[in-house]
Amino acid sequence: MTSSFPPVEEQLQVITRGIEKVVPQDELRKKLQHSRDTGTPLRVKYGIDPTGIDVHLGHTVPLRKIRQFQELGHQAVIIIGNYTALVGDPSGRDEARSRRLTAEEVENNARDYLAQVGKVVDMSRAEVQRNGDWFGRMSFADVLGLCGRVTVAQLLTRDDFAKRYREERAIFLHECLYPVMQAWDSVEIRADVELGGTEQLYSFMLARDLQAQQGLSQQIAVMSPILVGLDGIRRMGKSLGNYIGISE
């Protein structure tokens, strides 16, 4: 059988260009080789929370990478985090988000997101999933079961939580669930690769743990440098208002 995928070394050159870290690096080569040997595309995950109306330039860094994976013959899986958006991503935060979004606000924001993502990703070949499709079906017993897979000590290894704990700042329980939810998304969609910024390493590694517990192949984290926002100091982000939207 002639593989439809380029040689592994050629794929690695494209995938690792502009990337800060691949964890674990040796497993990526093995996954690519297995994909080529079996003619099976890798499932490449990128999650985005509709917490604002704009997809911004910070998002386009991993979105451009997922487009490159598509052009190499792999399957893009876009997660619209309509349930994680209700929690709010605590990554890089010194305190909790001041106001939680309502389900209606999240849904309104989500409507325009895919059109904006489509400026970078070939949506005709992408798989789109909303994580509310599985979290919305969970009973409280299911949530407790998911929480039972992660220790508090694991959560406190996150830089943002560790800093707030040291400084005796509040860490709310719903924030602790965010990385667990993000990691469970990878279980649900059977991700082979997850794309994102370096601040997401904790969630990416937690996903590997949960996948292993479920007897699944573990994902590889492919992490981009964090794009600095218009203030020249902090990461570009919707909540910080220091971003350029890709529709502007």
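The values are calculated or read from the model by the stated rules, or taken from the named source; none is laboratory data. What you see is a predicted model; the values in this text were computed from it and never measured. Neighbour counts run over all protein chains shown; Cβ positions are idealised from the backbone, glycine included. Side chains included, ligands, DNA and RNA excluded: accessible areas come from the protein's heavy atoms. Shrake-Rupley method; radii C 1.70, N 1.55, O 1.52, S 1.80 Å.
Table for the structure above
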quantity: Probe 1.4 Å, protein heavy atoms only - accessible area per residue of the range 24-174 in square angstrom; calculated: 52 Å²
quantity: For Val228, distant residues with modelled amide H under 5 Å away; calculated: Met236
quantity: Alpha-carbon spread of the range 98-231, three principal axes, descending order, Å; calculated: 44, 44, 32
quantity: Surface share of carbon and sulfur [accessible, 1.4 angstrom probe, percent] for the chain; calculated: 51 percent
quantity: Compactness relative to 2.2 N^0.38 Å, alpha carbon Rg of the range 8-240; calculated: 0.98
quantity: Sorted peptide list for 15-24, 236-245, criterion being average Cβ within 10 angstrom, highest first; calculated: 236-245, 15-24
quantity: Shape of the range 204-248, Cα gyration tensor, a/c cut at 1.5; calculated: prolate
quantity: Dipole of the chain [Lys/Arg +1, Asp/Glu -1 at C-beta], most positive-end residue of Gln68, Val121, Gly136; calculated: Gln68
quantity: Cα-projected label distance for Arg190 with Gln25, points at 7 Å along beta-carbon direction, nm; calculated: 3.0 nm
quantity: Gyration tensor verdict on the range 174-248 (Cα atoms; rounded if a/c is under 1.5, prolate if a/b is larger than b/c, oblate otherwise); calculated: prolate
quantity: Estimated inter-spin distance, Asp231 and Asp133, nm [label 7 Å along Cα→Cβ]; calculated: 3.7 nm
quantity: Debye, to nearest 20: dipole size of the range 162-248, +1 on Lys, Arg Cβ, -1 on Asp, Glu Cβ; calculated: 240 debye
quantity: Dipole-positive endmost among Cys176, Pro24, Ala153 within the chain (Cβ charges, Cα centre); calculated: Pro24
quantity: Burial order of peptide ranges 143-153, 25-35 (average beta-carbon count within 10 Å, highest first); calculated: 25-35, 143-153
quantity: Simple label model, 7 Å out from Cα along Cβ direction - Ala115 to Ala103, nm; calculated: 2.5 nm
quantity: Check: the range 8-240 dipole with +1 on Lys, Arg Cβ and -1 on Asp, Glu Cβ, in debye; calculated: 180 debye
quantity: Gyration tensor verdict on the range 122-182 (Cα atoms; rounded if a/c is under 1.5, prolate if a/b is larger than b/c, oblate otherwise); calculated: oblate
quantity: Potential extension, Arg149-Glu199 segment - 0.36 nm per residue separation minus Cα distance; calculated: 15.8 nm
